[in-house]
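Here the structure comes first, spelled out in structure tokens, and everything after it is commentary.
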Amino acid sequence: MAGLTEQGSGALPLLLLPGMMCDARLFAPQIAALSAGRTVQVPALTGAETMEALAEQVLSQAPPRFALAGLSMGGILAMEMLRQAPERIERVAFLDTNPRAELPEVQAGRAPQVARVREEGLGSVLRREVFPHYLHPESDPAILDLCEEMALALGPDIFERQSLALRDRADAQEVLAAVRQPTLILTGEDDRLCPMDRHTRMAALMPHARLVVVPRAGHLPTLEQPAAVNAALNEWLT
């Protein structure tokens, strides 16, 4: 599988799906905490421009059965994987994500934003338009430096592919209503990109799920408050 693989023992393998323009570094604290007892894989979500095709690619290289956790775009992709192969996913975690199709006004802004990236540079557009919405006010601003490093390593072509995949995604609420696997829903209390109502909606669709709200975190609690996220993931896995 493209991306990072950490070898652990014989416990259920764990797939971690990163958010838009992120890589395995988004989950570095979780990999360190969880990989001693299991195989942890972080696939690169770079090979297609639809959620359907990305899900097919990840599933084609994934273990026969696994636990699945995704943040933001990764959570949306996890929903598509549940649509395609629910029998292979033994438990699922949705972090700071959105079960709904993209709003028309957001869809309309995707192509102009891609054009600005081509004209002005990826880092410039992300620093001005995206990164200001990422973190809780008390979070370490150095996290944004890491976000820029991850994004620049992927580049503008991947930005365009992932933008298209997000723009054209299907609504996943019916998929979630059918989920019976052990489920974690987790969000930073100050997530402005995927607000709280998205997560309470998921909790209503999956009454068996555990909803965890991480204090003093925004859209990236895996890096902002890793200890709290690690504890929630460990409880969900065990």
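The values are calculated or read from the model by the stated rules, or taken from the named source; none is laboratory data. Just so you know, these numbers come straight off a predicted model, no measurement behind them. With ideal geometry, Cβ positions are generated from the backbone for all residues, glycine too; neighbour counts draw on all protein chains shown. Note: areas computed on protein heavy atoms with side chains; ligands, DNA, RNA excluded. Shrake-Rupley method; radii C 1.70, N 1.55, O 1.52, S 1.80 Å.
How far, in degrees from 0 to 90, does helix 51-61 lean away from the longest principal axis of the Cα atoms of the chain, to the nearest 10?
Compared with the principal axis, the helix lies near 50 degrees.
Taking a probe of 1.4 Å, how large is the accessible area per residue of the range 65-222, in Å²?
So the range 65-222 comes to 42 Å² accessible per residue, rounded to a whole number.
Using only DSSP helix segments of four residues or longer, with each worth -39500 (n - 2.57), what per-residue ellipticity at 222 nm results for the chain after dividing by its residue count and rounding to 500?
Calculated at 222 nm, the ellipticity per residue is -13000 deg cm²/dmol.
Could you work out how far helix 104-120 tilts from the main Cα principal axis of the chain, as a 0 to 90 degree angle to the nearest 10?
Long axis of 104-120 versus the principal axis of the chain: about 60 degrees.
So what are the range 183-238's ellipsoid semi-axes, whole angstrom, largest first, if each one is the square root of 5 times an eigenvalue of the alpha-carbon gyration tensor?
17, 16, 6
For Cα pairs less than 8 Å apart in space and 6+ apart in sequence, what is the mean separation divided by the residue count of the range 1-125, i.e. the relative contact order in percent?
For the range 1-125, the relative contact order is 25 percent.
Working from the pairwise distances between different alpha carbons, so that the mean of 1/r is found and then inverted, what is the range 1-102's Kirkwood radius in Å?
After inverting the mean inverse Cα-Cα distance, the result is 13.3 Å.
So which GluC sites (Glu not before Pro) in the range 114-157 are both in a DSSP loop and have at most 12 other Cβ atoms within 10 Å of their Cβ?
Qualifying residues, ordered by number: GLU138.
Can you send over the carbon and sulfur percentage of the accessible area for the range 36-129, probe radius 1.4 Å, protein chains only?
51 percent
Evaluate the charge dipole of the range 45-141 about its Cα centre and quote only its size in Debye, nearest 20, assuming +1 on the Cβ of each Lys and Arg and -1 on the Cβ of each Asp and Glu.
The dipole magnitude comes to about 100 debye.
Between ASP197 and GLN107, what FRET efficiency follows from the Cβ-Cβ distance if R0 is 22 Å, with the result rounded to 0.05?
Calculated transfer efficiency: 0.70.
Is there a quick way to get the dipole size of the chain? I mean about its Cα centre, with the Cβ of Lys and Arg at +1 and of Asp and Glu at -1; what is the value in debye to the nearest 20?
520 debye
Using C-alpha positions alone, give me the convex hull volume of the chain per residue in cubic angstrom.
106 Å³
Over 17 Å, how big is the tail of the calculated P(r) for the range 50-187, in percent of all Cα pairs?
Roughly 64 percent, rounded to a whole number.
Can you tell which of PRO195, PRO99, LEU223 lies farthest toward the positive end of the dipole of the chain, using +1 and -1 charges on the Cβ of basic and acidic side chains (Lys, Arg; Asp, Glu)?
PRO99
Helix 73-84 versus the longest principal axis of the chain: what angle, 0 to 90°, nearest 10, using Cα atoms?
That helix lies at roughly 50 degrees to the long axis.
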